[in-house]
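Sending over a structure as structure tokens; questions will come in a sec.
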Amino acid sequence: MAPPAPTWEDFNALAVRLQATEARLEAMTNNTTYQTTYDYYQPSGQSTLSATTQTPDNYPAILSRLSSLEQKYEADKARLPLVRMTGFAQLDEGFFSQDVQSRANVGDIQDGVGFRRARLQAVGNLSEFTRYSFEMDFATAGRPSFMDVWAEQTHVPFFGNVRIGHFRQPTTMDAWTSIRHLEFLERSLPFQAMDPFRRVGIMSWFNAGDDDRTLIAYSVYGTGFTFTNPGAATPTYGSLGDTRFGTQIGDNGGVSAAIRGSHLLYWDPYADNRYLLHIGGGYNFREIGGVPGAGSNARTYQARAIPEFFVGDPGGGGLTANGTPFVADTGRFLANDFHFFHTELAGNYGSAHFQTEYMGTLVDQLAGPSVFYHGAYVQCGYFLTGESCGYNKQMGALDYNVKPFREFFGLARDQWFCGWGAWEIAARYSYVNLGSTAILPANQLSAAAGPPPSPNPGVVNDGTLALNWWWNQFTRVQFNYIYVNQNPIAAATGITNIYAARFQFEF
């Protein structure tokens, strides 16, 4: 007797297996998560059924396709761990025009050209559900610097994805926007001044809701001493910015926590991220590493900002001789901990887009009143050639990179050019207020005469105009004009004009 013919239930089961195998292959190949729920195929009056089995005529083709994919999946799985090399380089050049008061406030800022970043990264899968990143930066003098060095387990019940290592903490949208795909040459003033950024810790993150439109990320990380210039005569340590050596030490280090959430209020699934509206916010509690109270290795806080452009040695401490100076600096003062919070709003409307955040920090000063710093930025852009910026759901951030409709290239040495590439105009206004007068004189430890002096508290306003040109998806040229209005408490307002450009390639 002949075996029973396949039924619609059999066909649905095959469809699930097929989609699951395709998704797993995609996850292992592209280092992304994959879908775990699937739409079933259902019969309809318009389906073409076999007269013999009453199942779709393409049933044998489905079986063949599934068998081929499952064999490929097993072959790929046998090759684990998978390694994919990637990287990028950013070559910057900047020219500075200062008025007399700007020179008095921060010194004569030197023009320069150099590699801002030059990074190599290995990413891939150690197993089907274990991913990793190993990224180092070679543009810092002295030795390579730790960037994103972590491994994570995906699809963990309740926690989602669990990451351990050195990574960007779940703080601001500005922080979680890829440094490869910034719209401007640097992140904003309030980010420079207040975001704790990379630390060694453990983080859970996951997407939820319809179409994965909601992102939740939270972490716990260590806050021991973070040495910023261990070779100096009087080493200092910082509360903010990258821990470039990936090391924090000290018997009196603290444990800190951060959380960030974002949601797409509107998202058109058929428009390739061209139309969306994003909201979000977060909170970070940071216990500062060091010995409580005054004395050697005391807990201290310091916030400072560069003028949204930098050329020089990033490990040089920001002094004029080593690079672009800080235009606002709270100085290093005694403190126990701080609370950092932010809100965010962003959107895409075709070729136009915008992004804005407000950030604030409340610092628990030692034996004194709390100190409050805050800042914000708003930026917008428009693609003249019709493209639109992307959106990364896993990061909850706009992705300012595009694939031009027509790439820019030459036909031959004696021929002409073909294609415009992609062109974007953009503008940003940002400010940061580091001008609090609540710091007790006994708690202020900085005493650098400068220029620039430390402390150098005050308010800084930046306005930036940008022109970005993508030759192709992996090569771009950026031009920025930056107007810097520095208003220190202890001096008159200084004006600096910056003319900067960047050539960047990635692979």
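The values are calculated or read from the model by the stated rules, or taken from the named source; none is laboratory data. Just so it is clear, the model here is predicted, and its values are computed rather than measured. When we count neighbours, we look across all protein chains shown, and the Cβ atoms used for this are built from the backbone with ideal geometry, even at glycine. Heads up: the accessible areas ignore ligands, DNA and RNA and are worked out on the full protein's heavy atoms, side chains in. Shrake-Rupley method; radii C 1.70, N 1.55, O 1.52, S 1.80 Å.
Please give the charge dipole size of segment 400-467, origin at the Cα centre, charges +1 on K and R Cβ atoms and -1 on D and E Cβ atoms. Round to the nearest 20 debye. Don't jump to the answer; show the numbers that get you there.
On the way: 4 positive and 4 negative charges, 18 e Å.
Rounded to the nearest 20 debye, it is 80 debye.
Once amide H atoms are placed 1.01 Å from N in the peptide plane, what residues at a sequence separation of 5 or more from ASN252, or on another chain, have their amide H within under 5 Å of its amide H?
When sequence neighbours closer than 5 places are left aside, the close amide H contacts are GLY290.
Could I ask something else about it? Please compute the length gained on full extension between ASN297 and LEU465, using 0.36 nm multiplied by the number of residues separating them and subtracting their Cα-Cα distance. Mind dumping the intermediate values first?
On the way: separation 168, 0.36 × 168 = 60.48 nm, distance 4.24 nm.
Value of the extension gain: 56.2 nm.
Karplus couplings for segment 367-376 from phi (6.51 cos²θ - 1.76 cosθ + 1.60, θ = phi - 60°), rounded to Hz, Gly and Pro as x?
6, x, x, 5, 10, 10, 10, 7, x, 7
Around TYR429, what is the net charge, scoring Lys/Arg as +1 and Asp/Glu as -1 over all other residues with Cβ under 12 Å from its Cβ? Spell out each step's value before the answer.
Numbers: positive: ARG428; negative: GLU308, ASP462.
Residues near TYR429 contribute -1 overall.
Expressed in nm to one decimal, what extension gain is obtained for the pair ILE489 and ASP251 from 0.36 nm per residue of sequence separation less their Cα-Cα distance?
Details: separation 238, 0.36 × 238 = 85.68 nm, distance 3.68 nm.
Result for the pair: 82.0 nm of gain on full extension.
Turning to a different aspect of this structure: Within the set of other residues whose C-beta is less than 10 Å from the C-beta of THR475, count the net charge using Lys and Arg as +1 and Asp and Glu as -1. Please list the in-between numbers first.
Numbers: positive: ARG476; negative: GLU407, GLU506.
Summing Lys and Arg as +1 and Asp and Glu as -1 gives -1.
Once amide H atoms are built 1.01 Å from N in the peptide plane, which residues 5 or more positions from ALA303, or in another chain, come under 5 Å H to H?
Under 5 Å from the amide H of ALA303 lie the amide H atoms of THR330, GLY331, each far enough along the sequence or on another chain.
Subtracting the Cα-Cα distance from 0.36 nm times the residue separation, let me have the gained length for ASP108 to VAL83 in nm, one decimal. Present the calculation step by step, with values, prior to reporting the outcome.
Working: separation 25, 0.36 × 25 = 9.00 nm, distance 4.63 nm.
Between ASP108 and VAL83, full extension yields an extra 4.4 nm.
List the chymotrypsin sites (Phe, Trp or Tyr not before Pro) in segment 140-207 that DSSP assigns to loop (not H, G, I, E or B) and whose Cβ has at most 15 other Cβ atoms within 10 Å. Which are they?
Working: sites: PHE146, TRP150, PHE158, PHE159, PHE167, TRP176, PHE184, PHE191, PHE197, TRP205, PHE206; in loops: PHE158, PHE159, PHE184, PHE197.
Those that pass, being in a loop and sparsely packed, are PHE158, PHE159.
If you don't mind, another one. For MET147, MET136, give the ranking by accessible area with the largest first, probe 1.4 Å. Walk me through the intermediate numbers first.
On the way: MET147 0, MET136 30 Å².
I get MET136, MET147, largest accessible area first.
Quick one: 3J(HN,Hα) in Hz for segment 433-444, Karplus 6.51/-1.76/1.60 with θ = phi - 60°, rounded, Gly and Pro as x.
Going residue by residue, I get 10, 10, x, 4, 9, 7, 6, 6, x, 5, 8, 7 Hz, with x marking Gly and Pro.
Restricting the calculation to Cα positions, tell me the Rg (one decimal) and the Dmax (whole number) of segment 390-465 in Å.
23.6, 71
Where does the charge balance sit around ASN273 when Lys and Arg score +1, Asp and Glu -1, over other residues with C-beta under 14 Å from its C-beta? Present the calculation step by step, with values, prior to reporting the outcome.
Values: positive: ARG213, ARG274, LYS393, LYS403; negative: ASP211, ASP212, ASP268, ASP272, GLU387, ASP399.
Residues close to ASN273 contribute a combined charge of -2.
Still on this model: Report the FRET efficiency, 1/(1 + (r/R0)^6), for ALA447 and LEU91, where r is their Cβ-Cβ distance and R0 is 41 Å, rounded to 0.05. Don't jump to the answer; show the numbers that get you there.
On the way: r = 37 Å, r/R0 = 0.89.
E between ALA447 and LEU91, to the nearest 0.05, is 0.65.
Another question, then. Roughly how many debye, to the nearest 20, is the charge dipole of segment 337-419 about its Cα centre, given +1 on each Lys and Arg Cβ, -1 on each Asp and Glu Cβ, and no other charges?
Working: 4 positive and 8 negative charges, 72 e Å.
With only Lys, Arg, Asp and Glu charged at Cβ, the dipole is about 340 debye.
Return the whole-Å distance between the Cα centroid of segment 442-466 and the Cα centroid of segment 156-227.
Computed from Cα coordinates, the inter-centre distance equals 27 Å.
Also, quick follow-up: What distance in nm separates the two pseudo spin-label positions at GLN415 and VAL156, each 7 Å out from Cα along the beta-carbon direction?
With each label placed 7 Å out from Cα toward Cβ, I get 5.4 nm.
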